[in-house]
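S.K.: Take this structure, written in structure tokens, and hold onto it; I'll ask about it next.
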Amino acid sequence: MNPDPGNGGAPVAGQSTENGTVKERLYRHNFTGAQHQLVGLRNAELEQESLALLRSSATLSARIEQAADGQQLVVRVANTGAGHALPTGVADFRELWLELTVTDASGKLVLASGQPVDGSVPEDARLFRKVFGDADGKPVGLKFWRYAKLLEDTRIPADGWRDERWMLPAGAQGPLRADIKLNFRTYPKWVNDAVRATEPQLPEPPIVLLNRLQLTQLQPTQLSSVMEPER
């Protein structure tokens with residue numbers, strides 16, 4: 001893999017062996033991934049590599065659209081740095097979600113979504129994940145052997161995106177200010193609670209900020225970045 005995870009795949013020059021030839025592009029034979037927390041229990045440097053890789057995986061953009069019943073805030077999460085769906089691995093446990101606040105011209109809060117409550121991501125948060133179900137259509141949770149059907153798949157495909165929409169209250173006066181975060185956690189609080197019940201010394205997985213978009217002049221039909229046609 002690239003010796004500098006998170007740099008977008010740019011070549012890294014150097015020597016692959018002591019006193020060896022300087023090469024224009026180096027490769028490593030070890031790999032890093034999303035499980036930064038457990039890696040960090042053994043090696044803090046490798047944890048930082050995992051975090052750098054995670055933070056290079058996605059970008060954010062936003063716009064306001066006119067809908068039939070009012071104005072909508074549309075947030076696009078684009079998978080720009082991973083060669084697979086986001087999240088991957090145990091995607092039924094990985095937490096990848098949007099947290100946002102929007103205030104109007106007077107500073108009044110007009111929209112909030114995804115703020116953790118007592119360490120848990122709220123049920124109405126916009127999560128990117130898989131949900132596995134049993135034969136009765138109920139989520140299997142930790143009882144993965146009961147898996148019979150896929151209930152939900154909101155992951156972001158490689159080189160793709162997902163648009164999430166929120167209705168804005170009628171009469172919200174612009175320009176609007178938006179603070180949009182893309183958060184990640186290796187597994188949710190309810191899994192952590194179950195694990196720590198038997199292994200209390202294991203630290204809780206932190207919420208990691210992967211990307212953040214702060215806008216101060218959101219207006220109807222104004223784009224925060226160049227948007228492509230829907231796929």
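S.K.: Can you find a residue that is modelled with pLDDT under 90, over 30 Å from residue 66 (Cα atoms), in the same structural domain as residue 81 (by TED's automatic domain parsing) and surrounded by 11 or more Cβ atoms within 10 Å (Cβ to Cβ) anywhere in the range 161-172?
M.R.: no
S.K.: Read through the list (1) in contact (Cβ under 8 Å) with a residue 60 or more places away in the chain; (2) part of a loop (DSSP other than H, G, I, E, B), then give the number of the only condition that residue 171 fails.
M.R.: If we test residue 171 against (1) in contact (Cβ under 8 Å) with a residue 60 or more places away in the chain; (2) part of a loop (DSSP other than H, G, I, E, B), just (1) comes out false.
S.K.: While we're here: Check the range 111-119 and report whether any residue there is polar (S, T, N, Q), outside any strand (DSSP E or B) and surrounded by fewer than 19 Cβ atoms within 10 Å (Cβ to Cβ).
M.R.: Step one: list which residues in the range 111-119 are polar (S, T, N, Q), which gives 113, 115.
With outside any strand (DSSP E or B) added as a condition, the list becomes 115.
Subset that is surrounded by fewer than 19 Cβ atoms within 10 Å (Cβ to Cβ): 115.
Yes, some residue in the range 111-119 is polar (S, T, N, Q), outside any strand (DSSP E or B) and surrounded by fewer than 19 Cβ atoms within 10 Å (Cβ to Cβ).
S.K.: In addition: Does residue 78 meet the test of being part of a loop (DSSP other than H, G, I, E, B) and over 15 Å from residue 183 (Cβ atoms)?
M.R.: No.
S.K.: I would also like to ask the following. Taking residue 123 as meeting all but one of (1) assigned to a loop (DSSP other than H, G, I, E, B); (2) at pLDDT 90 or above; (3) charged (D, E, K, R), write down the number of the exception.
M.R.: Status for residue 123: all satisfied but (2).
S.K.: So which residues in the range 121-154 are of a type in the set (Asp, Glu) and either surrounded by fewer than 13 Cβ atoms within 10 Å (Cβ to Cβ) or under 16 Å from the mean Cα position of the chain (by Cα) (or both), if there are any at all?
M.R.: Within the range 121-154, 123, 124, 136, 153 meet the criteria.
S.K.: While we're looking at this one, here's another question. Please identify the pairs in which a residue from the range 114-139 that is among the polar types (S, T, N, Q) has its Cβ atom under 8 Å from the Cβ atom of a residue that is outside any strand (DSSP E or B), counting only partners at least 6 apart or on another chain.
M.R.: 115/122; 120/188; 120/189; 120/190
S.K.: Another question, if that's okay. Is there any pair with a first residue in the range 199-211 that is in the same structural domain as residue 180 (by TED's automatic domain parsing) and a second that is of a type in the set (Ser, Thr, Tyr) and in a loop (DSSP other than H, G, I, E, B) whose Cβ atoms are under 8 Å apart and which are 6 or more apart or on different chains, and what are they?
M.R.: 205/186; 205/187; 210/57
The values are calculated or read from the model by the stated rules, or taken from the named source; none is laboratory data. From a predicted model like this one, the values you see are computed outputs, not experimental measurements. Methodologically, a virtual Cβ is constructed for each residue, glycine included, from the backbone with ideal geometry; neighbour enumeration extends over all protein chains shown.
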